[in-house]
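Notes follow the structure.
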Amino acid sequence: MHLNKSMVRFLSNFTVILSALFLLSPDVLHAAWGMNMTQGATPISHDVYNMHMTSLYVVTVIGILVFGVMFWSIFHHRKSKGVKPAKFSHSTTVEIIWTLIPFAIIVALAIPATKLLARMDDTSKSEITIKATGYQWKWKYDYINEDLTIYSNLAADSVDASQKNSGIDPKTADNYLRNTDTALVLPVGKKIRIMTTASDVIHAWWVPDLGWKRDAIPGFINDNWTVINKEGVYRGQCAEICGKGHGYMPIVVKAVPEKEYQAWVEQTKVALNSKNSDGDKDFTLTELKAKGEGVYKANCLACHQANGLGIKGVFPAIDGSPLANLKENIPAHIHQVIYGKGVMPAFGEQLSDSDIAAVVTFVRNNWGNKTGHVIQPKDVLAARKK
């Protein structure tokens, strides 16, 4: 048979590729093509990976054997060879065999899988407990043992690049939509219990390298545990469709040595205490607007947008709204930020008095809002007391 040059070239390239596939190890292929699940950085994630690979090998062998027998039977018993079909309708022996063999395979896989699931749910003897609470659209982390609470929002450069008609290339953002302004810092080599819940709708806390995912359900607490053996940064995301900002609430876990973890805890406590101690200070309009812009980006921009116009029919505009412009509405404005309204969450627990004062001042003096109104932290404190 005559082969043209293009066909020869194709066969030559195909032979090279096929040879390379046989020479490369499965791990290399998985890394290059992303065809397999991650092995992770914890003992449980390794066990899950091994269980997955064992099951994959078993079903692959079954598939080869079953389809091999089928194709062989079809080929060797085809009508063109004059083969006459058998007259029997069934075989009790064959039916018993093809029932017992799959049953034995399923049991053989189910026993180690069940043991693994039981081990994954055993949170006893945990050294550190973290409570992860999902919000639309951020994560709150309570370090139960340390009496420490932090909030984790989408990183500012991702926020800016994600805005409609922003003109910013997402590639310029560090780990676009996969980075946060504050990471969940954990020590390596410690058994850590992570409890998950939510304040509004169902979320899901998922970091692939930890080897598991847990739903975060309002009014209910799920838990799991992890031991991270290797230092590094591990990224995840909310894995439950939770609304418009679902794709904008990533998870970043930073695993560090024990000493570095303890130092971070102390530094964070000092920083938070300093932040919360400025409630009795008076700030200038310029200072409040500068601070308020950052608070707005982290907490308000996803709904009300960078231009303050919101999303028609979903999130109301605050540019030009009576709430953000009329002086007599200042108390109502502060109250709404603290306690929420409708689908707007309550930020009173999440933000300090100075943060709320800053963001209210920013909103009332940005875009087309030129009120000149200055809200001080003491005004917010007074609203809380009421």
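The values are calculated or read from the model by the stated rules, or taken from the named source; none is laboratory data. This one's a predicted model, so the numbers in the text were calculated from it and none came from an experiment. Glycine gets a Cβ as well: all are built from the backbone with ideal geometry, and neighbour counts include every protein chain shown. When the accessible area is computed, the model is the full protein with side chains, heavy atoms only, and any ligands, DNA or RNA have been set aside. Shrake-Rupley method; radii C 1.70, N 1.55, O 1.52, S 1.80 Å.
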Worksheet entry | One residue from 314, 337 being without any contact (Cβ under 8 Å) to a residue 24 or more places away in the chain and either surrounded by 20 or more Cβ atoms within 10 Å (Cβ to Cβ) or more than 30 Å from residue 229 (Cβ to Cβ) (or both) | 337
Practice prompt. Might you let me know whether the range 96-111 holds any residue that is part of a helix (DSSP H, G or I), over 23 Å from residue 65 (Cβ atoms), of a type outside the set (A, V, I, L, M, F, W, C) and free of Cβ contacts under 8 Å to residues at least 40 places away in the same chain?
Written response: no
Discussion item. Looking only at the range 222-247, count every residue that is touching a residue at least 60 places away in the same chain (Cβ under 8 Å) and open to solvent by 80 Å² or more (accessible area, probe 1.4 Å) and tell me the total.
Written reply: 3
Worksheet entry | Complete set of residues in the range 73-96 that are aliphatic (A, V, I, L, M) and either modelled with pLDDT of 90 or more or open to solvent by 90 Å² or more (accessible area, probe 1.4 Å) (or both) | 74, 96
Worksheet item: Where residues in the range 126-172 are among the charged types (D, E, K, R) and either closer than 18 Å to residue 246 by Cα or in a strand (DSSP E or B) (or both), which of them is most open to solvent (accessible area, probe 1.4 Å)?
Response: 164
Response to the item:
Given (1) open to solvent by less than 10 Å² (accessible area, probe 1.4 Å); (2) free of Cβ contacts under 8 Å to residues at least 60 places away in the same chain, residue 355 misses just (2)
Item to complete: For the range 181-213, name all the residues that are under 11 Å from the mean Cα position of the chain (by Cα) and buried (at least 20 other Cβ atoms within 10 Å of the Cβ).
Response: 203, 204, 205, 207
Discussion item. Against the condition among the basic types (Lys, Arg), more than 21 Å from residue 224 (Cβ to Cβ) and loosely packed, with under 14 Cβ neighbours inside 10 Å, how does residue 115 come out, does it pass?
Written reply: no
Fill in: Conditions (1) touching a residue at least 40 places away in the same chain (Cβ under 8 Å); (2) on the phi < 0 side of the Ramachandran plot: number failed by residue 382
(1)
Discussion item. Exactly one of these conditions fails for residue 272: (1) in contact (Cβ under 8 Å) with a residue 60 or more places away in the chain; (2) closer than 21 Å to residue 166 by Cβ; (3) of a type in the set (A, V, I, L, M, F, W, C). Give me its number.
Written reply: (2)
